[in-house]
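Quick one: the structure is below, questions incoming.
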Amino acid sequence: MKIWKTTAAILMLFLLAASVIGQAITPEDAAEASMMDMQIGAELRFTQLEASINRNILAGETIIKELIAQDPDADVSAYQVIVDDLRLLLAEIKKIDYSADPKDLAELYILIKTDAREFTAEFRSHVNSGFSDAVKSEIRQKVRNLIQTRNTGELDKIRNMIREYNAVKLQSMLNTLGIDAPGLAQKIRNSEVSSEDAKTQLKSLVKNMKPQEKKEAGMKAMEQTAKKNVYQKAVLSQTSSNLLQKLAERTETRQMDQDRDGSGGGQGSTGSTGSAGSGNSGSADSAGNSGSTDSTGSSGNTGSSGSTSSGSSTGSAGSGSSSGNAGAGSLGGKR
């Protein structure tokens, strides 16, 4: 098993080299990582990523069981190594200190997501060559059934975090603009208003400001936007620097941990592992599927954080939506 793991690690380095050199950090990843400047934003994105990885582990375990059911002597070591690596990513997420430097959190998010994406891509290549379309469809349904019967509360947790993020974002914007809107942020938390409704109300509040107030608010908004841009550039600069080397070092560290713990032989079923569920979460009112995917399907969209304010060409305040896909990819089907 150790020989296989070493070979797999070397292969992963080549896969990482090919993918990272070709795409570096995607705009999607950068947009998601930009939410790390707020602690609730960091917690939301990592929770969504955790849910996606959980679902992929569940899919992987189901596929391994199907392989063994078809052939008790089947060699599933290649599949099991990848599932074990995904579990290590989960363990890493659970240890995160959200009071850390936002730039460090953003870098870690991108690194973990990149690893998860590569692991699932490798797993998918095995599935595509090892199963017929009919069997993949059957496995997909099995995974969906398992997820429906496992009520982990992830979906509700992510819904609440999305609402909290939107509320904090809105209140921050109101404070920056000097607008007094008692209870509006709390209404988002309580699901009394949607992010779109909050956006409309904010537009109205800005529109009703006196000319001088509106001018000052616009300048403050521009300052906030400039600070956000500086932060985003700092994140990209820090993460992009020696990205391939950082990913390779992470692979080596996981390899050493597995060798020390003897985890290469597989860890069995995770039991209570589940996923956040499904649904479209483009706003604070709906939850989204947290980037999770089925075992043979296409990637799902992350529950968007939603936009709590709007831009304006006249200099009045606002910022765009910080949405994106926090998924790690699917364990089967076409990418």
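The values are calculated or read from the model by the stated rules, or taken from the named source; none is laboratory data. These numbers come from a predicted model, not from an experiment. Positions of Cβ are generated from backbone atoms using ideal geometry, with glycine treated the same way; all protein chains shown enter the neighbour counts.
When you go through (1) more than 30 Å from residue 76 (Cβ to Cβ); (2) in a helix (DSSP H, G or I); (3) without any contact (Cβ under 8 Å) to a residue 60 or more places away in the chain one by one for residue 97, which number turns out not to apply?
(2)
Got a number for residues in region 119-145 being of a type in the set (A, V, I, L, M, F, W, C) and crowded, with 18+ Cβ neighbours inside 10 Å?
6
Here's a follow-up. What number of residues within region 189-223 satisfy the criterion of being buried (at least 16 other Cβ atoms within 10 Å of the Cβ) and of a type in the set (Ser, Thr, Tyr)?
Total meeting the criteria: 2.
Among 116, 69, 42, 106, which is over 13 Å from the mean Cα position of the chain (by Cα) and either part of a helix (DSSP H, G or I) or surrounded by fewer than 21 Cβ atoms within 10 Å (Cβ to Cβ) (or both)?
Sole residue among the options that is over 13 Å from the mean Cα position of the chain (by Cα) and either part of a helix (DSSP H, G or I) or surrounded by fewer than 21 Cβ atoms within 10 Å (Cβ to Cβ) (or both): 69.
Continuing with this model, one more query. Given the residues 74, 17, 51, which is the only one that is within 30 Å of residue 163 (Cα to Cα) and either at pLDDT 85 or above or surrounded by fewer than 20 Cβ atoms within 10 Å (Cβ to Cβ) (or both)? Step through it out loud before you land on a result.
Numbers: 74 fails: within 30 Å of residue 163 (Cα to Cα); 17 fails: within 30 Å of residue 163 (Cα to Cα).
Result: 51 is the single residue among 74, 17, 51 that is within 30 Å of residue 163 (Cα to Cα) and either at pLDDT 85 or above or surrounded by fewer than 20 Cβ atoms within 10 Å (Cβ to Cβ) (or both).
Residues to consider are 229, 242; find the one that is at pLDDT 85 or above and within 23 Å of residue 29 (Cβ to Cβ).
On the way: 242 fails: at pLDDT 85 or above.
Among 229, 242, only 229 is at pLDDT 85 or above and within 23 Å of residue 29 (Cβ to Cβ).
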